[in-house]
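These notes concern the structure reproduced below.
The values are calculated or read from the model by the stated rules, or taken from the named source; none is laboratory data. Computed from a predicted model, the values in this text were never measured in an experiment. Cβ atoms come from the backbone with ideal geometry, glycine included; neighbour counts cover every protein chain shown. These area figures cover heavy atoms from the full protein model, side chains too; ligands, DNA and RNA do not enter into them. Shrake-Rupley method; radii C 1.70, N 1.55, O 1.52, S 1.80 Å.
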Amino acid sequence: MATAGWCLVVPAPTSAAQIEQEIESQREEIETTRAERERARKELERHEEALAELDKQAQALDERHGELEQQREALDIREAELREGLAERQAELESRLRSAYPLTRGGALQALLAEGDSLQARRDLQYLKATIEPIQRARESLARQQAALEDNRQEIQANDEKLREASEALESNYRQVAENLDRQETLLASLGEALDQQQADLRSLLERKERLDREVRAAQARKEAEARKEKEAQARADEARQKAGGDGEKTPIPSGGIPIAGSVMRGFGDSLPNGRLRHEGIAFRAERGQPVRAVDSGTVVYAGSLKGWGKLVMLRHRDSYLSLYAHCQTLNVEKGARVDQGEQLCESGVMDAGQAGLYVEVRQNNRPVNPGRWPAWRKVAGG
């Protein structure tokens, strides 16, 4: 029977499957870190773009501040010009009033009511009116322009206040974006270091797997060489038994049917029907219900059904030997029981292809061995 059917062997702590799993897990971690680093890089670019946009906004605010300052200076110049013009008009008015003082000394009404030349009085009044009206219009114009200047000044002040608030908000945003940018740069650097370490760990795992593969190949080569030697020895033994029997039937098992009363149908190392695998035990031809007996005393470590083996019993013996009895019809022992040499373990059943009989396998240190190498086997079943 092929080794593939044996599923009770505990794998070594550092098996190829475990390393493969660790490698796959490490590759997944690397992909996750790479994805995180790519997201961090894009986030960093977004912060850099936001910072550049804030720089443009700050430059625009500075330009707007400059424009408002120029407008304020222009208003100051215009107001000074208006005040200077008004002062000139007032000086002109004072000069004219001083010239007309004799006309107004008695009052305009008195001049009109007094006896004398009424025509002259009207002329004097017209002169006063012509003198005063331009000054009044100049004052009114100055008042209107001053009001307009004040409105402009207030508008400039309001705009300046908005710009100040915008500048403060911009400065706050700038600081926040700069802080986010620093954090993102730190995160990106940390992810880069983590990725470097993960890749180094992956290389180490791949190297471990390569070493393990070499060890497995070397062990397999040793096993195949040993199997060839055992097969050659078995072939020589079979040939000797066939010559001794004369009819081609393999030698019956002596000593009262241990492990079973029957004949060897297929020996250790014989080719399986597909020609590619080798028997790692001995298949016995026997009638159904024949007693199956322990080759040596030991402890039952398994008693039950197992896929590919039917009902089976496995015993642990001294010197790291294990014996396995498969394709039983019934079981007579339970796990944990102590059995003596020759004690019945089960009854034989049906093997593959409907052949009645029993399959027995012997292992030492979890490796299949030719039963003839086991001293207990040679003692009760022959070599």
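I'd like to know which of Asn365, Val264, Gln344 lies farthest towards the positive end of the charge dipole of segment 258-383, counting +1 on Cβ of Lys and Arg and -1 on Cβ of Asp and Glu.
Farthest towards the positive pole: Asn365.
Per 0.36 nm of contour for each residue apart, how much would the distance between Ala58 and Ala219 grow if the chain were fully extended, relative to their Cα-Cα spacing?
Using 0.36 nm per residue and subtracting the Cα-Cα distance, I get 50.6 nm.
Considering only protein heavy atoms and a 1.4 Å probe, what is the carbon-and-sulfur percentage of the accessible area of segment 153-192?
With neighbouring chains kept in place, the figure for segment 153-192 is 48 percent.
Leaving out ligands, DNA and RNA, what percent of the accessible area of segment 289-383 is carbon and sulfur, probe 1.4 Å?
Whole-percent figure for carbon plus sulfur exposure: 42.
Using R₀ = 51 Å, calculate the FRET efficiency as 1/(1 + (r/R₀)^6) where r is the Cβ-Cβ separation of Gln157 and Ala35; round to 0.05.
Working from the Cβ atoms, E equals 0.45.
Can you tell me how much longer the chain between Gln364 and Ser271 gets when fully stretched, taken as 0.36 nm per residue apart minus their C-alpha distance, in nm with one decimal?
31.3 nm
Excluding Ala87 itself, what net charge comes from residues whose Cβ is under 14 Å from its Cβ, given Lys and Arg +1 and Asp and Glu -1?
Charge balance near Ala87 sits at -3.
Can you give the FRET efficiency to the nearest 0.05 for Glu334 and Arg373, using r as the Cβ-Cβ distance and R₀ = 22 Å?
Step by step, r from the Cβ atoms, then E = 0.15.
Express in nm, to one decimal, how much length is gained between Arg183 and Gln18 on full extension, taking 0.36 nm for each residue of separation and deducting their alpha carbon distance.
Contour length minus the Cα-Cα distance gives 55.6 nm.
Solvent-accessible area per residue for segment 270-340 at a 1.4 Å probe radius, Å²?
50 Å²
Okay, which of segment 61-81 sit inside 17 Å, backbone N to the point 7 Å along the Cα-Cβ direction of Leu142?
In segment 61-81, the label zone of Leu142 (backbone N under 17 Å from the point 7 Å along Cα→Cβ) covers 76-81.
Hey, can you grab everything whose amide H is under 5 Å from the amide H of Ala356? Only 5+ residues off in sequence or another chain; H modelled, so Pro and N-termini drop out.
Met351
Under the Karplus relation 6.51 cos²θ - 1.76 cosθ + 1.60, θ = phi - 60°, what is the ordered set of whole-Hz ³J(HN,Hα) values for segment 334-343, x standing for Gly and Pro?
Residue by residue, segment 334-343 yields 10, 4, x, 6, 9, 10, 9, 4, x, 5 Hz.
Under a point spin-label approximation (7 Å from Cα along Cα-to-Cβ), what is the Gln197-Arg288 distance to one decimal in nm?
Computed distance between label sites Gln197 and Arg288 equals 6.5 nm.
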